[in-house]
Amino acid sequence: MNNVLDEYKFPIDLKSMSIKQLEFLCAQIRSFLIEAVSKTGGHLASNLGVVELTVALHRVFNMPKDKIVFDVGHQSYVHKILTGRAELFDTLRQEGGLSGFPKTEESEYDSFNTGHSSTSVSAALGLARARDLKGENHKVIALLGDGALTGGLAYEAISDAGNAKNDLIVILNDNEMSVSKNVGGISEYLSKIRTRQSYFKIKSATAAALDKSAFGRALTSVLRKFKNGIKQMLMQQNIFEDLGFTYLGPVDGHDIYKVSEMLERAKNTSGPVIVHVCTKKGHGYMPAETKPQAFHGISRFDAASGNLLKKKLTADYSAIFGRHLVRIARENEKVVAISPAMTLGSGLKSFARNFPKRLFDVGICESHAVTSAAGLAISGFVPAVCIYSSFLQRAYDQIIHDVALQNLHVVFCIDRAGVVGDDGETHQGIFDIAFMNQIPNMAILAPACFYDLECMLKYAFCVHQGPIALRYPRGNEQYTGPRYEFQFGKSNIVKRGNDVTIISVGNLLKAAVNSAERLEKEGISAEVINLGTVKPLDAKTIIESVTKTGAVLTLEDGIVYGGVGEAIGALLEKNGINAITEYRGYDNFVKQAKVSSIHKKYGLDDEGIYNWATSAIKKKRG
């Protein structure tokens, strides 16, 4: 990508640039970001908010000798620009292209791979301890947003770091938002710090007045002794200082001079330091400033107007889920919803509007979300834990210990199940079937279409007893053939056949049916089974079908190890059934690419299924 930034030699040039030059550079970076992301899609608002902060970081510190760990990492675009990757931005989040998150294999300036929230201080403290054990001398910085402070892992790390006393700089990027509006006591606490300006105004005004005379300058040293007392009186206590950190700030994160000055102070302070920086998400681009949630993760858009280039889906799985959850909640006042800071993304906007007292946004606290759901369930409520698949991984112990062990009626509504595409390895929801499959008392459902989802939700909330999970994909890709009534523990034979069996889980049914129709034209009779209930398996239907055909292919949008295929393989082996078998899913972490491209690579598309069936027939005949 040719751009005006090519004239700079980053990050070296930053060291010698004046404040005016840096301010101009920040404006250039903003223009570049808006143009680049408008063409590829990506995380725009968060990156526009950290332009000055990131420039100041690279000006004050010496990367890559000094190490920076980004929390989540979706705000690392400016860092990538400043470390020689601007020309790759036309490949952002595309297959084989620039990642939307830090990747150690991508650049020596990326010191740690990230993608989930609240991890940066833990990782940075590990880097700092490793530095000290090796006798090295460099700085380690963790950059986290205030939304990350709703996650317990951040506090575990901050508590440890404050006690350990290793040199460590934590930068708190306080923009009052994560994906959704921040909630909870910490958000309110930071708001009080931001708005309690009396201390800082007194300090600045007093210093300016005294500096005008020799007597005043002498008096400054005396007054400095009263500083801590004044600060304590006006600011009461500071939780970070109580935990062992030196607290610096708050500082305007869009004032390059002030941010640089504060970072220099942090650089020269020993022990753990926290720098409180106040920024505005989407700063400098009005569409993103006014709608930061919409521009958190956005598809291609018109840079001039901010309007999306492709129309938003009229309905997707998240929206359909939210619509039916509201209907169920109207009929049963015991139904409640819990979201770990993903209210909008999980389709809960209407639920929040209709039942504000029955929706609990707990912040980025997946473990807490699950255990609090257990508390609600044991008290007679029916909680929906509305969560993305890749984030549910963070609450595995709570699912086992607090929900399944007590056989509590908690409904896990798992959005973004399967591959999600452009966000890459950290966000692909491919592990939920495998890790839920191992848990006693847990039931798992996978809709192949919107109608399936509606029927399964009614069953899960109104009939089922005990823990149950519904996994559904991102978007609106669905089977559009004849409808089949859902019956728990039973599969639906969508197409009968005699030559091969194709067992599909969830959103892969459409490809399975398409392939079967193509095979039929060539004289191959394929039986297609929609495995709506993943656990418990419909053993009778599966055994009868595979015994008849002698060949079976399983399709799942998830990791193959521990998944549906292996469970079916064990079932067939236990019953002494010999057949040509292949269990298709993913055998590794899945890199960023379009969902269709990923499915094709792993043989989960129409062509891949067709090729397997023709090969299986040859084996049977040969």
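The values are calculated or read from the model by the stated rules, or taken from the named source; none is laboratory data. Since the structure is predicted, the reported quantities are computational estimates derived from the model, not experimental observations. FYI the Cβ positions are ideal-geometry reconstructions off the backbone, even for glycines, and counts take in every protein chain you see. The protein model used for the area step is the full one, side chains on, heavy atoms only, and it has no ligands, DNA or RNA in it. Shrake-Rupley method; radii C 1.70, N 1.55, O 1.52, S 1.80 Å.
Laid out as a table, the results:
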read-out: Hull volume in cubic angstrom per residue (convex hull over the Cα atoms of the chain); value: 180
read-out: Gain on full stretching of the segment that runs from Glu7 to Glu261 - 0.36 nm per residue minus C-alpha separation; value: 88.8 nm
read-out: Nearest 10 degrees, 0 to 90: helix 366-378 Cα axis against the chain principal axis; value: 60
read-out: Dipole of the chain, positive direction: furthest Cα of Val560, Gly244, Gly115, with charges on the beta-carbon; value: Gly244
read-out: Reduced Cα scattering model of the range 265-337, Debye log10 I(q)/I(0), q = 0.12, 0.15, 0.17, 0.25 Å⁻¹; value: -0.67, -0.78, -0.83, -1.09
read-out: Unit Cα scatterers, Debye sum, the range 339-442: log10 I(q)/I(0) for q = 0.16 Å⁻¹; value: -0.68
read-out: Rounded tilt (10° steps) of 185-195 against the dominant C-alpha axis of the chain; value: 30
read-out: Rounded to the nearest 20 debye, dipole of the chain from Cβ charges on Lys, Arg, Asp, Glu; value: 1180
read-out: For the range 409-565, size of Cβ-based charge dipole, Lys and Arg +1, Asp and Glu -1, in debye; value: 420
read-out: Cβ-derived FRET efficiency at R0 25 Å, Lys310 paired with Met286, nearest 0.05; value: 0.70
read-out: Whole-percent carbon and sulfur share, accessible surface of the range 298-409, 1.4 Å; value: 54
read-out: Greater than 24 Å apart at Cα, pairs in Lys39/Lys65; Lys535/Lys601; Lys495/Lys540; Lys311/Lys601; Lys495/Lys618; Lys80/Lys165; value: Lys39/Lys65; Lys535/Lys601; Lys311/Lys601; Lys80/Lys165
read-out: Anchor Lys310: aspartates and glutamates whose Cα lies under 13 Å away (excluding residues fewer than 8 positions away in-chain); value: Asp302
read-out: Residues of the range 275-399: accessible area per residue with a 1.4 Å probe, Å²; value: 44
read-out: The range 479-622 shape via C-alpha gyration tensor axes, a/c threshold 1.5; value: rounded
read-out: Charge dipole of the chain about the Cα centre (unit charges at C-beta), most positive-ward option of Thr40, Phe431, Ala303; value: Ala303
read-out: C-alpha long axis of helix 450-462 to longest principal axis of the chain, angle in °; value: 80
